[in-house]
């Protein structure tokens, strides 16, 4: 983000200790007390600003230094850079109780703007905000043409309105509306005079020429922010600043709320000819200031849209055209919500604008506010916006996923307008593969945005496909990288990691044999169908893209997937049905062994999948019985227990918890016996792979296997002798000296303790069944609160019986 030199300066500023800062403040205090504030004072203030702004916490400055900074800021004669630095340092210290200055000490509007910015940085302290507002409005009331510049005050007005919207009285609002009307509509159309640089230049200065358009033609209409010139007059600068704050002021000037006209005599929105031509330039001069400002704002935006059709001579002016179009459309949206009579005068213009820009990739950012406008007003204006949404959600993400600014604005647009989509939300849900391209390429900054958006995208019809897409997100990042490298119109500055040489991946991307796999991964819309063994079909793609697993962008994307998975499951449990829950559980089992091999990715995803499998089982306990065949197949095909330990542990625990008649009446003894045999074989495999020693297997897997086998034996008591023998062997195996070499002492102790506890419980089968398979009454909170039938009371009784029985056995 920063250059090496900038990083070094920031690091040095953060490492300045309090004692060093105190000495430095003393030096600055001495410099500020001199009569001539020269370059040394300026350089020292720059260094102090770097120090106080480089850290997140407030630096404590000496009171003498703070007082001198305030007095320097309020000096009647002082260089502007010095005062700017003083104000910046004081703002960085805010909020602070050591400030004592006020707006009364200011000598001009420039100084007033600096002091006001410091006071407003203190926060929403109503007295301070009110004082600042009074001084600003008093300066705005001055209408002398040769008076002090008002340019510096408009940003302060916006800040005042933002901090305390209700602080301005009606007469203040009327005053500022009138001034905005003058600045927006009646700025000079002649260029300003250049600053004189000497005796000869003053006598031979050329007369100012006319303002021009962006294409070089002489302007024939009023001045706007898109008017060009070499020098600008004061009212032209105010025109630009007035437009920058226009939308915020229109929103502030509508206390009755958006969508409600100001006057009661306006007719309802009928589409009549009268409502179309009611407001003209001649009659608008007689309107109240607030309505007159809206009319002027409408004319200003129409003028900007007209100016945007001109071909700019410079690239910077072309970018300025797009930025002004975005703001103009947003202002028109506010106007139409406040006064519906503007809608019919706006809709045809914006439809033509969309038709002109929809085929221009460079103007795609303008399409977002246009789509917002049609989302808001399309129904009232009888406009079919289906084509607009289709173009926006299908072509734009597929072609411009690599633009970080567009990605953020696009996802923010989706998130902020969810309430406006209404019946069109299906378009958003069906095009989630395209939205995921933004996420795959820009995952670190967009992760939090997607966490908020994802619940709206989850649907029972596309949940399975979305889960596959989330798990394949790092693979999608690699595929997008290849696609970008092979585009014929690649940018001059590569957007990919140029240090990564992957000729084999590029050849595979071009190979017709793998085109179907890449097209599926890069599809623009949800296919709506999920194959039973889709992970197996994508396995060749994982192998082809394996050289790109070390790419930094792929690794960053992989880090975001666990967070997104948690949010996905949190949302899908709200819309899931019984069949969908079973399908999700099967998908988790399948994908646990089929993931793109990015470093640390598999372990992180397994932790999420295992925890969410248990959530699904708790949500639908009969899942274990209904998926018995698939679970047995999963337990019988576990090859690498260490890499899938968390998933295996969850599945085994779920079998022991939910494979019972209590959870599902369809559970049979035959099913219990089948699971017992499968788990017994699995336990034998993980513990007997080396003779007389325990393997390097997580002890949690072994203890959960022993516990589940004991639970199943308590439900089919013919199995008790087998599991008792097995537990005895496990306890003996864990006590052997050889096991301490292959297994850590803590793990061996955990296995030994669990085996002993389970053996003690099995000595009393009825007690074991009571503990391992409690009835619904026992699981209810009342059973734990009732002093007569509480579960702890029953467990204490069982413990005493077992201890008494153990005492009678020979040592």
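The values are calculated or read from the model by the stated rules, or taken from the named source; none is laboratory data. The model shown is predicted, which means the values in this text are computed figures rather than measured ones. Neighbour counts are summed over all protein chains in view; Cβ atoms, including those assigned to glycine, are modelled from backbone coordinates with ideal geometry.
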Given the criteria loosely packed, with under 15 Cβ neighbours inside 10 Å, more than 30 Å from residue 139 (Cα to Cα) and without any contact (Cβ under 8 Å) to a residue 60 or more places away in the chain, does residue 17 qualify?
yes
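With surrounded by 14 or more Cβ atoms within 10 Å (Cβ to Cβ), modelled with pLDDT under 90, in contact with a strand residue (DSSP E or B) (Cβ under 9 Å, 6 or more places away or on another chain) and under 23 Å from residue 323 (Cα atoms) as the only criterion, which of 189, 156 stands out? Even if it seems obvious, please write down each step before you answer.
Values: 156 fails: in contact with a strand residue (DSSP E or B) (Cβ under 9 Å, 6 or more places away or on another chain).
Checking each option against the conditions leaves just 189.
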Just give me the residues in region 162-185 being within 14 Å of residue 248 (Cα to Cα), modelled with pLDDT of 85 or more and surrounded by fewer than 20 Cβ atoms within 10 Å (Cβ to Cβ), in sequence order.
173
Inspect all residues belonging to region 592-605 and state whether any of them is modelled with pLDDT of 90 or more and farther than 21 Å from residue 477 by Cα.
no
Hey, can you tell me all the residues within region 669-693 that are at pLDDT 90 or above and either within 40 Å of the chain's Cα centre (by Cα) or over 24 Å from residue 592 (Cβ atoms) (or both)?
669, 670, 672, 673
Evaluate the following for residue 12: is it surrounded by 14 or more Cβ atoms within 10 Å (Cβ to Cβ) and either part of a helix (DSSP H, G or I) or over 39 Å from the mean Cα position of the chain (by Cα) (or both)?
no
Out of all the residues in region 320-330, which are under 18 Å from residue 293 (Cβ atoms) and either surrounded by fewer than 21 Cβ atoms within 10 Å (Cβ to Cβ) or out of contact with any helix residue (DSSP H, G or I) (no Cβ under 7 Å at 6 or more places or on another chain) (or both)?
327, 330
For region 557-608, which positions are surrounded by 20 or more Cβ atoms within 10 Å (Cβ to Cβ) and over 24 Å from residue 620 (Cα atoms)?
557, 558, 560, 561, 595, 596, 598, 601
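Here's the yes/no breakdown for (1) on the phi > 0 side of the Ramachandran plot; (2) in a helix (DSSP H, G or I); (3) more than 18 Å from the chain's Cα centre (by Cα):
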| site | (1), (2), (3) |
| --- | --- |
| 393 | no, yes, yes |
| 397 | no, yes, no |
| 402 | no, no, no |
| 408 | no, yes, no |
| 414 | no, yes, no |
| 436 | no, yes, no |
| 439 | no, yes, no |
| 445 | no, yes, no |
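Tell me the residue from 795, 801, 759 that is at pLDDT 85 or above and either more than 25 Å from residue 635 (Cα to Cα) or in a helix (DSSP H, G or I) (or both), please. Quick ask: steps written out before the conclusion?
On the way: 795 fails: at pLDDT 85 or above; 801 fails: at pLDDT 85 or above.
Exactly one residue qualifies, and that residue is 759.
Tell me yes or no: at least one residue of region 522-530 is within 30 Å of residue 571 (Cβ to Cβ), over 23 Å from the mean Cα position of the chain (by Cα) and modelled with pLDDT of 90 or more.
Going through region 522-530, the residues within 30 Å of residue 571 (Cβ to Cβ) turn out to be 522-530.
Filter again for over 23 Å from the mean Cα position of the chain (by Cα), leaving 523, 527-530.
From what is left, the residues that are modelled with pLDDT of 90 or more are 523.
Scanning region 522-530, I find at least one residue that is within 30 Å of residue 571 (Cβ to Cβ), over 23 Å from the mean Cα position of the chain (by Cα) and modelled with pLDDT of 90 or more, so the answer is yes.
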Of all the residues that make up region 568-597, how many are touching a helix residue (DSSP H, G or I) at 6+ places or on another chain (Cβ under 7 Å), under 26 Å from residue 543 (Cα atoms) and not in a helix (DSSP H, G or I)?
5
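Residues that are in contact with a strand residue (DSSP E or B) (Cβ under 7 Å, 6 or more places away or on another chain) and surrounded by 15 or more Cβ atoms within 10 Å (Cβ to Cβ): list the helices (runs of 4 or more DSSP H) wholly contained in region 44-149 that include at least 2 such residues. Break it down into steps so the answer makes sense when it comes.
Details: elements: 63-73, 80-93, 109-120, 126-140.
Once the helices (runs of 4 or more DSSP H) in region 44-149 are filtered for at least 2 residues that are in contact with a strand residue (DSSP E or B) (Cβ under 7 Å, 6 or more places away or on another chain) and surrounded by 15 or more Cβ atoms within 10 Å (Cβ to Cβ), nothing remains.
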Looking at (1) exposed (fewer than 15 other Cβ atoms within 10 Å of the Cβ); (2) more than 18 Å from residue 479 (Cα to Cα), find the lone condition where residue 552 falls short.
(2)
